[in-house]
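Below is one structure, written out as structure tokens, with a few remarks after it.
The values are calculated or read from the model by the stated rules, or taken from the named source; none is laboratory data. Just so we're clear, the structure is a prediction, and the values are computed from it rather than from any experiment. Cβ placement follows ideal geometry from the backbone for every residue including glycine, while neighbour counts extend to all protein chains displayed. Surface accessibility is based on the protein's heavy atoms, side chains included, excluding ligands, DNA and RNA. Shrake-Rupley method; radii C 1.70, N 1.55, O 1.52, S 1.80 Å.
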Amino acid sequence: MPKNKGKGGKNRRRGKNENETEKRELVFKEDGQEYAQVVKMLGNGRLEAYCFDGVKRLCHIRGKLRKKVWINQGDIILIGLRDYQDSKADVILKYNHDEARNLKAYGELPENAKINENVYGEEEEDDNIEFGDVSDASASASDAEETAIDAI
């Protein structure tokens with residue numbers, strides 16, 4: 001029987017984010033790349049993103065980022081455009097909130113980009129649902145019961 005040499009395998013290391021505290025250099029877009037904001041997570045390593053050139057694209061998360069870098073709705077990402085498919089792209093990098101703020105300050109992102117909010121371009125709206133006062137309905141029902149009892 002082989003002797004284990006460590007304290008577990010990759011599942012033990014999965015929960016640790018060792019590189020999260022390190023400051024990394026800010027990566028700017030090159031030709032063939034574009035900044036985008038995640039509109040909707042689709043599952044299976046895919047997402048729908050609104051690129052800041054005005055096009056919604058279906059993006060595929062590359063294997064280096066899958067299960068290591070968690071991408072959520074509203075995140076700013078760097079995508080690589082495909083030469084042969086304009087409607088699809090590949091996620092290259094996810095920017096954290098500080099890096100996204102720096103990109104906006106440098107003028108790389110447009111001014112109308114919402115960094116800390118859920119979705120770019122879609123506003124949440126209230127449905128304006130109003131509920132009637134329950135105590136009035138129960139009071140009128142109890143009054144009706146009292147008059148029925150008095151009639152007996």
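Scanning the stretch 46-82 for residues that are farther than 20 Å from Ile115 by Cβ and in contact (Cβ under 8 Å) with a residue 40 or more places away in the chain, we see that the one that is surrounded by the fewest Cβ atoms within 10 Å (Cβ to Cβ) is Lys67. Among the conditions (1) open to solvent by 60 Å² or more (accessible area, probe 1.4 Å); (2) of a type outside the set (D, E, K, R); (3) modelled with pLDDT under 90; (4) under 14 Å from the mean Cα position of the chain (by Cα), Gly43 misses just one, which is (1).
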